[in-house]
Amino acid sequence: MKSLRNYSIPFTGLALGKHHFEFDVKDDFFDEFDYSLVKKADLKCEVEIEKQETMLILDFHITGTIDAACDKCLSQYPQALDVHEQQIAKFSDEEIDEDDEIIAIGKNEHEIMLAGLIYEYINVAVPFIQVCNDEGNTPYCDNEMLDKLNNLAANNEQDENPDPRWDALKKIK
């Protein structure tokens, strides 16, 4: 967890207005989280903080690639990510129960930890079904596996014998 300290921003010394911060999100970031969907990544996280008297408005823009396993041919390929998210942090000692877009920052706190938010945004952006954009035409594709899958699919269609009971239903019109 010590390396996640790099993903915090001390906001007490910031003047009112907008401020920009950049973070590199690499493999060591995801090593800090158990059971992470992402293991290897090369991402850049840009955070724009708008400091107001009663709150912080954080705009996240995360771009880059993560290593993903293709659900079709099972080979590793770089999956591009482009994430835009916004988080509002309100200065309050009370727990805020409005929705997920507002978090509370105690009046005695002097920095905001962004590692959890960055981790969450990246994992939510990972596609549920992971396949490369140009199947079979990238250097990452396992063409041997794709050929076997296509052969098996073609054999299933040819070997399928229609059930004679359906013929009787086809005659009904």
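Considering only TYR77, TYR35, TYR121, the Gaussian network model of the chain with Cα springs below 10 Å gives its largest mean-square fluctuation to TYR35.
What percent does the relative contact order of the chain come to when contacts are Cα pairs within less than 8 Å and at least six residues apart? That works out to 19 percent.
Taking 0.36 nm per residue of separation and subtracting the Cα-Cα distance, full extension of the segment from LEU169 to ASP82 would add 26.1 nm.
Report D for segment 1-89 in µm² per second (integer): Stokes-Einstein, Kirkwood Rh on Cα pairs, 4 °C, 1.567 mPa s.
The Stokes-Einstein estimate is 87 µm²/s.
Using a Gaussian network model of the chain in which every pair of alpha carbons under 10 angstrom is joined by a spring, one finds that among ASP31, ASP93, ASP42 the greatest mean-square fluctuation is at ASP93. Stretching SER36 away from THR63 to a fully extended chain increases their span by 7.9 nm, per 0.36 nm per residue minus the current alpha-carbon distance.
For the chain, what is the mean residue ellipticity at 222 nm derived from helices alone (per DSSP H run of n ≥ 4: -39500 (n - 2.57); sum divided by total residues; nearest 500 deg cm²/dmol)?
Values: 4 runs with 41 residues, N = 173.
Counting only the DSSP helices, I get -7000 deg cm²/dmol.
Are there any trypsin sites (Lys or Arg not before Pro) in segment 1-57 that are in a DSSP loop and have at most 15 other Cβ atoms within 10 Å? List them by number.
Working: sites: LYS2, ARG5, LYS18, LYS26, LYS39, LYS40, LYS44, LYS51; in loops: LYS26, LYS39, LYS40.
Of the trypsin sites (Lys or Arg not before Pro), the ones in loops of segment 1-57 whose Cβ has at most 15 other Cβ atoms within 10 Å are LYS26, LYS39, LYS40.
For percent of Cα pairs over 27 Å apart, the candidate list reads (i) 33; (ii) 48; (iii) 19; the entry that matches the value derived from this model is (ii). Relative contact order for segment 1-77: 26 percent, from Cα pairs under 8 Å spaced at least 6 residues apart, divided by residue count. The lysines within cross-link reach of LYS148, meaning a Cα-to-Cα straight distance under 25 Å and a gap of 8 or more places when in the same chain, are LYS72.
Read-outs: derived from the displayed coordinates by stated rules, not from any lab. From a predicted model like this one, the values you see are computed outputs, not experimental measurements. Cβ coordinates were reconstructed from backbone atoms using ideal geometry, including for glycine residues, and neighbour counts include every protein chain displayed.
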